[in-house]
1. Of the residues Glu218, Glu229, which is under 25 Å from Arg35 (Cα atoms) and modelled with pLDDT under 80?
2. So in segment 113-132, with the set limited to residues that are touching an Asp or Glu at 6+ places or on another chain (Cβ under 7 Å) and not in a loop (DSSP other than H, G, I, E, B), which one is surrounded by the most Cβ atoms within 10 Å (Cβ to Cβ)?
3. Among the residues of segment 186-242, what is the count of those that are of a type in the set (Gly, Ala, Ser) and in contact with a strand residue (DSSP E or B) (Cβ under 8 Å, 6 or more places away or on another chain)?
4. Give just the number: which of (1) assigned to a helix (DSSP H, G or I); (2) open to solvent by 40 Å² or more (accessible area, probe 1.4 Å); (3) more than 23 Å from Val186 (Cβ to Cβ) does Met60 not satisfy?
5. For segment 62-119, give me each residue that is more than 21 Å from Ser239 (Cα to Cα), of a type in the set (A, V, I, L, M) and in contact (Cβ under 8 Å) with a residue 60 or more places away in the chain.
6. Since Val168 meets every condition but one in (1) surrounded by 15 or more Cβ atoms within 10 Å (Cβ to Cβ); (2) modelled with pLDDT under 90; (3) part of a strand (DSSP E or B), which condition does it not meet?
7. Look at segment 63-95 and say how many of its residues are open to solvent by less than 50 Å² (accessible area, probe 1.4 Å) and at pLDDT 95 or above.
8. Output the residues belonging to segment 191-242 that are of a type in the set (Asp, Glu) and surrounded by 17 or more Cβ atoms within 10 Å (Cβ to Cβ).
Amino acid sequence: MAQNIYDDPGFFAGYSQLPRQVRGLIGAPEWPAIRAMLPDVAGKRVVDLGCGFGWASRWMREQGAAGVLGIDLSQNMIARATTMTQDPAVRYEIADLETLELPQASFDLAYSALTFHYIRDFDRLVRMLHRALVPEAHLVFTIEHPVYMAAVHSRWSEDDDGRKTWPVNCYFIEGERRTDWYVKGVLKYHRTIGTTLNALIGAGFALRRVEEFSPTAEQVAATPALAEELERPMMMLISAQR
C-alpha cells in the first residue's frame, strides 16, 4: 500500500495552503505547459489519478469531457473534492494506485499530476493503464523530476555569487527516498529518466512529448521565488499514447 501521508493532519493542514490548492490550476506554474500537452477532451472518458481536490477533474468536465473518475488514496482529499464538486458526471473514489485495477478499454485519457513518484511499482501501474485505455488514447502525467528528487536529498550550498546549488545525490541508485515536507519521513520512489520512459515503452505506449518544466521569465518576475527552479528541473511532464 502506498504511504497515505495526505491524511496526516499536520501534512494536510500545510498542503492545503499551497497556492495550487488555494487557487487551483492557475496556482500551478506548470499548468500552461501541461494544458498544451493534453488532447481535446470533449466527449472523452477521463480518469484522474491522484486527483487531490479535484481541480483537474472539474476542468476536464468544463472542457466537455463525457465523464471523469477521480481517484485518490486520501480520504481527506476525496472529501474535499466531493465538497467542491456539484457535477454528477464527476465522481470520486478512494483507491490505492499500487493495487488499482480499472476495467479494460474504459477510458480515453488517463491524467495524473505529481502522484506517480509515490508509487513503488510503476511498471505494474503503467501496464494496467495501457489495458484500461482504448486504442489511440493518451496518458499525460507529471512527476517530480528525477534530478530534483536526487538533488533534494542533498544539502544545498552557495556559490561565490551567493546562489544556491544542489549537488545530485546517487542519481543512479533507484528506490526509496525520504524527505521532510510538512512532516518527517515522506516516502517517494526515485527512478531515473531512462527507467521512467522505458517503463512506458515496455508497456506498449508511444512517447509523444517530454518536457522538463522551468518557469518563464514572466512567471519569475511575478513570483521571484520561482527563480530557484532555474537551478535544476523540478518537474517532468510526459505525454504518451496507446
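1. None of the other options fit; the residue is Glu229.
2. Of everything passing the filter in segment 113-132, His117 is surrounded by the most Cβ atoms within 10 Å (Cβ to Cβ).
3. 3
4. Failed condition: (2).
5. Scanning segment 62-119 gives Leu73, Met77.
6. Failing condition for Val168: (3).
7. 16
8. Listed by number, the residues that qualify are Glu211, Glu229.
The values are calculated or read from the model by the stated rules, or taken from the named source; none is laboratory data. Given the structure is predicted, the values throughout are model-derived calculations rather than measurements. FYI the Cβ positions are ideal-geometry reconstructions off the backbone, even for glycines, and counts take in every protein chain you see. The area values use the complete protein model at the heavy-atom level, side chains included, leaving out ligands, DNA and RNA. Shrake-Rupley method; radii C 1.70, N 1.55, O 1.52, S 1.80 Å.
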